[in-house]
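The values are calculated or read from the model by the stated rules, or taken from the named source; none is laboratory data. In this text the structure is predicted, and so the values were computed from the model without any measurement. Reconstructed Cβ throughout: ideal geometry from the backbone, glycine too, with neighbour counts over all protein chains shown.
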Amino acid sequence: MLAITYLLAGLSIAYILEKRIVTASIFAVFPTIDSGFNYAYPIVENGVIHSIPAAFVSGFLIYIYTEDKESAKSCLIGYLSHITLDLISSKSIMAFYPLSFDLSVDLMPPDNLWWNLCLITVFLSGMFVKKNPELFEPIVNFR
C-alpha cells in the first residue's frame, strides 16, 4: 500500500467521525516504522507493530501521555485504518499478535497503483459527502 493511501484513510475516517485528523493521520502511517526492523523477530515487517493489540497499546499510551480521550480515539482510528488496509491487501500480517498466525483477506494487491487510486477516491469522496451533505439529500430522500 502507498503511504498516501494510509495517510488519507486515517485522515478521512477521522474527518468523517469528527476526530483529530492530524493524530489519526500520523498513526495511520506509523505502523510502517517496522519496515526498518527486518533483523529482529517478532518486530519484522507486518509483525507485532501491525497488530490490533499494538494499536490499543498505542492508544493507551497516548491517553496516559496526553490525558485526552479524543487523542487516544484518533490514534486508534488511524492505527486500525492501517491494519484494516493491510488485511484487505494480499500482505499477510499478524493482526492478533502474540498469536502466531498470519492473516490476509486478499482482496487486492498491496502495491497496485490503480487499487490505491480507487481507495484514495473513496476516502476523498467520503470527506466530500461529509462536507456537503445537502448535495446528496435529494438522493437519500428519494420518496
Just the residues that are more than 17 Å from the chain's Cα centre (by Cα) and of a type in the set (D, E, K, R), please, taken from the range 62-97.
Glu67, Asp68, Lys69
Could you identify the single residue in Leu61, Leu119, Leu85, Leu76 that is modelled with pLDDT of 90 or more, out of contact with any Pro (no Cβ under 8 Å at 6 or more places or on another chain), surrounded by 13 or more Cβ atoms within 10 Å (Cβ to Cβ) and within 24 Å of Lys19 (Cα to Cα)?
Leu76
For residues in the range 20-48 being in contact with a Phe, Trp or Tyr (Cβ under 8 Å, 6 or more places away or on another chain) and over 19 Å from Ile4 (Cα atoms), which is modelled with the highest pLDDT?
Val48
Only residues in the range 114-126 that are without any contact (Cβ under 8 Å) to a residue 60 or more places away in the chain count as the first member; pair them with residues that are basic (Lys, Arg) and surrounded by 13 or more Cβ atoms within 10 Å (Cβ to Cβ), Cβ under 9 angstrom, at least 6 apart or cross-chain, and list the lot.
none
